[in-house]
Amino acid sequence: MAEYAKSARIRAGIIDACARVFKESGFHGSSMAQIARDAEISYTGLLHHFPRKEQLLTAVLDLEDQRRAAFLREHRTFAADADPVQVLRELSAMLLDRRTEPGLIQLTAVLVGEATSTAHPAHEHFVARFANIRSFLTRLFTRLHDEGRTSGALSPAEMAAVTIATIDGLQTQWLFTPAEIDTEKLVRGLLSVLVPELAQDADRGM
């Protein structure tokens with residue numbers, strides 16, 4: 001048991017170091033030797049836990065997506081009497097909470113940029129991630145649309161795509177000029193346009 005706990009701590013330290021290295025150099029620009037140095041572990045020790053850099057990438061992406069995946073699993077089929085507006089509030093709050101972790105946002109920005117290439121090992125991961133979030137939001141907006149609670153300017157699928165693009169784009173801008181970009185205010189402003197009853201949230205700064 002003690003040996004297992006020690007191994008888990010070492011693996012966690014390696015993944016943290018890998019995230020730092022990927023954030024600075026990207027996947028293609030980093031090396032296993034560089035990751036080993038940052039993790040303060042021997043190269044042989046690194047290979048014992050992660051023989052290939054692609055395995056490290058998978059571990060980092062899994063860590064980055066844990067909270068988002070847990071939320072989507074919990075709300076994948078929300079009850080008929082659940083208010084989709086409240087679910088939307090919770091989802092946007094969860095996504096926006098990442099702004100307090102600039103390293104995590106920067107890491108994601110670097111990897112997403114690289115992974116647009118179909119040859120990148122994380123390409124399919126991000127294709128699936130965007131598809132899952134887009135599908136979830138589309139179902140939320142569809143229900144709101146069917147209840148007559150959306151502005152009607154865009155289809156539910158279009159509202160989902162615009163919401164994701166706005167959150168990701170604003171977080172990237174926030175990395176460059178955090179004092180000038182109020183991500184929460186701007187996202188709430190967008191949502192209040194798509195779902196008018198959310199205007200009260202934007203007015204209250206909720």
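Each value in this text was obtained by applying a stated rule to the coordinates, not by laboratory testing. These figures come from a predicted structure and were not determined experimentally. In this analysis, Cβ positions are derived from the backbone assuming ideal geometry, glycine residues included, and neighbour counts consider all displayed protein chains.
Using only Cα coordinates, the Kirkwood hydrodynamic radius of region 140-206 works out to 12.5 Å. Inter-label distance, E24 to N132: 3.0 nm, where each label sits 7 Å from its Cα along the C-beta direction. Loop-located GluC sites (Glu not before Pro) in region 12-58 (DSSP state not H, G, I, E or B) with no more than 15 neighbouring Cβ atoms inside 10 Å: E40. Extension gain for the segment A5 to K185, taken as residue separation times 0.36 nm less the Cα-Cα distance, is 60.5 nm to one decimal.
Evaluating 6.51 cos²θ - 1.76 cosθ + 1.60 at θ = phi - 60° for every residue in region 125-132, the Karplus couplings come out as 4, 6, 4, 5, 4, 5, 5, 5 Hz, glycine and proline recorded as x. For K53, the lysines whose Cα falls under 19 Å of its own Cα, not counting residues fewer than eight places away in the same chain, are K23.
Take every Cα pair under 8 Å whose residues are at least 6 apart in sequence, average their separation, divide by the length of region 1-51, and the relative contact order is 33 percent.
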